[in-house]
Ligand SMILES: Nc1ncnc2c1ncn2[C@@H]1O[C@H](COP(=O)(O)OP(=O)(O)OP(=O)(O)O)[C@@H](O)[C@H]1O
Ligand SMILES: [Mg+2]
């Protein structure tokens, strides 16, 4: 998978020029508020998801304009292809090779990418729901049917929780709770199995990447933590407690992905730079698995990743990922001085300018 070019029109502050990245590593540098993250965001939209910044579509359109358009030429499945996204204030349209898709979500799986942005550090800093979301989003990219099961589980969970709350006023409702338990545990077990198997296949690439990033100084380990061994039995066992608190206290919605660095819980013990390295490794392991499952190397988008990383970690990132196409943003071109092979672009006021001089081996 390779981006050949991206043309943006009326997207945030970006000018309507053509961005033509090279193979391997591309570094985009520029002062604050010039449009670096906007460009990554534009590329990310082609994975079929929402903006990774969690904003409304209307905010993506340049101020004062009515619609934005993004045209991506890319190489995948051994041929050149085109995808186009049109963003209107209230809807979005996606085209693949000039055919309008029934829904923009159908782009999922066509253009593989992973993104790291500084906010993703909350993945290790905060509670388990972000880690569950990380696993679910990663699995959705490789297992198209998974999202349907997730949605069905969450509907059943809401219904069971509503029943738990209403049972005080309508005790007769409790006659039906076993039906909800059955449904919840059937889908719940599928979700848990998928997540466990994803975490299992993640272990090798993850420790390999973290070893490279930390020059073998630290050892990273992940473990999927279930809230219940046997979900159906646990639902039955916890029913009294669930009725008291008014929600379902076990199931995949209460599980966690535990992360340890040299045996210690990252959330509590890791330094700022270590946390950043851990999240980065999780994202890069996600990329490795995406490649394993789809046969295509995903694009790696790294927003402002170099700050807070020491020299050796920066060096690893800049020079050991070139197997994939990588787009890295930073403020100071000095941070990219360790780049041995790659392309440099300056971003100023929404305009990208390709710089040649700094990288000798281009
Ligand atoms: N819909 C929009 N229309 C026009 N400009 C916008 C729109 N949305 C955001 N911008 C502008 O885009 C600018 C650049 O944003 P971006 O987040 O890409 O900066 P950046 O280069 O990544 O900066 P930093 O180094 O601070 O992360 C911001 O100043 C913002 O005002
Ligand atoms: Mg930015």
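The values are calculated or read from the model by the stated rules, or taken from the named source; none is laboratory data. Just so it is clear, the model here is predicted, and its values are computed rather than measured. Every residue, glycine among them, receives a Cβ derived from its backbone with ideal geometry; neighbour counts consider all protein chains shown.
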### Message
Among the residues that make up the range 181-203, is at least one of them in a strand (DSSP E or B), surrounded by fewer than 15 Cβ atoms within 10 Å (Cβ to Cβ) and under 21 Å from the mean Cα position of the chain (by Cα)?
### Response
no
### Query
Looking at residue 62, is it away from ligand 1 (no atom under 16 Å from the Cβ) and out of contact with any strand residue (DSSP E or B) (no Cβ under 6 Å at 6 or more places or on another chain)?
no
### Task
Residue by residue through the range 102-118, note down the ones that are surrounded by 17 or more Cβ atoms within 10 Å (Cβ to Cβ), in contact with a strand residue (DSSP E or B) (Cβ under 9 Å, 6 or more places away or on another chain) and under 22 Å from residue 148 (Cα atoms).
104, 107, 110, 111, 112, 113, 114
### Message
Return the residues of the range 216-245 that are out of contact with any strand residue (DSSP E or B) (no Cβ under 6 Å at 6 or more places or on another chain), on the phi < 0 side of the Ramachandran plot and in a loop (DSSP other than H, G, I, E, B); say none if nothing qualifies.
### Response
217, 219, 226, 227, 228, 229, 230, 238
### Query
So is residue 32 over 18 Å from residue 95 (Cβ atoms), in contact with a helix residue (DSSP H, G or I) (Cβ under 9 Å, 6 or more places away or on another chain), in the same structural domain as residue 87 (by TED's automatic domain parsing) and surrounded by fewer than 18 Cβ atoms within 10 Å (Cβ to Cβ) or not?
no
### Task
Please specify each residue of the range 311-340 satisfying the condition of being part of a loop (DSSP other than H, G, I, E, B), touching a helix residue (DSSP H, G or I) at 6+ places or on another chain (Cβ under 7 Å) and at pLDDT below 90.
320, 338, 339, 340
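Conditions tested, residue by residue: (1) free of Cβ contacts under 8 Å to residues at least 40 places away in the same chain; (2) surrounded by fewer than 23 Cβ atoms within 10 Å (Cβ to Cβ); (3) closer than 21 Å to residue 100 by Cβ.
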position	(1), (2), (3)
7	no, yes, yes
16	yes, yes, no
24	no, yes, no
42	yes, no, yes
45	no, no, yes
62	no, yes, no
### Task
At least 3 residues that are within 16 Å of ligand 2 (Cβ to nearest atom) in each: list the strands (runs of 3 or more DSSP E) lying fully within the range 1-115 that qualify.
25-29
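Rundown of residues vs (1) closer than 21 Å to residue 332 by Cβ; (2) free of Cβ contacts under 8 Å to residues at least 60 places away in the same chain; (3) within 16 Å of ligand 2 (Cβ to nearest atom); (4) in a loop (DSSP other than H, G, I, E, B), yes/no style:
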{"position": "267", "(1), (2), (3), (4)": "no, no, no, no"}
{"position": "273", "(1), (2), (3), (4)": "yes, yes, no, no"}
{"position": "281", "(1), (2), (3), (4)": "no, no, no, no"}
{"position": "285", "(1), (2), (3), (4)": "no, no, no, no"}
{"position": "289", "(1), (2), (3), (4)": "no, no, no, no"}
{"position": "296", "(1), (2), (3), (4)": "no, no, no, yes"}
{"position": "305", "(1), (2), (3), (4)": "yes, no, yes, yes"}
### Message
Testing residue 346 on (1) out of contact with any strand residue (DSSP E or B) (no Cβ under 9 Å at 6 or more places or on another chain); (2) at pLDDT 90 or above; (3) not assigned by TED's automatic domain parsing to the domain that holds residue 143, one condition comes back false. Which one is that?
### Response
(1)
### Query
For the range 83-92, does any single residue satisfy the condition of being away from ligand 1 (no atom under 16 Å from the Cβ), surrounded by 17 or more Cβ atoms within 10 Å (Cβ to Cβ) and within 26 Å of residue 140 (Cβ to Cβ)?
yes
### Message
Condition first: touching a helix residue (DSSP H, G or I) at 6+ places or on another chain (Cβ under 9 Å) and at pLDDT below 95. Now tell me which residues in the range 77-99 satisfy that.
### Response
89, 90, 91, 92
### Task
Could you list all residues from the range 129-175 that are farther than 18 Å from residue 238 by Cα, surrounded by 14 or more Cβ atoms within 10 Å (Cβ to Cβ) and out of contact with any helix residue (DSSP H, G or I) (no Cβ under 8 Å at 6 or more places or on another chain)?
137
### Task
Please tell me if residue 72 is more than 16 Å from ligand 1 (Cβ to nearest atom), within 20 Å of the chain's Cα centre (by Cα) and touching a residue at least 12 places away in the same chain (Cβ under 8 Å).
yes
### Query
Based on what the data block shows, is residue 264 more than 15 Å from ligand 1 (Cβ to nearest atom) and within 21 Å of the chain's Cα centre (by Cα)?
no
### Task
Consider residue 251 carefully, then state whether it is buried (at least 22 other Cβ atoms within 10 Å of the Cβ), at positive phi and in contact (Cβ under 8 Å) with a residue 12 or more places away in the chain.
yes
### Summary
residue 304: passes all of (1) on the phi > 0 side of the Ramachandran plot; (2) in contact with a helix residue (DSSP H, G or I) (Cβ under 6 Å, 6 or more places away or on another chain); (3) in the same structural domain as residue 229 (by TED's automatic domain parsing) but (3)
### Task
Kindly provide the set of residues from the range 1-29 that are on the phi > 0 side of the Ramachandran plot and within 12 Å of ligand 1 (Cβ to nearest atom), ordered by number.
10, 12
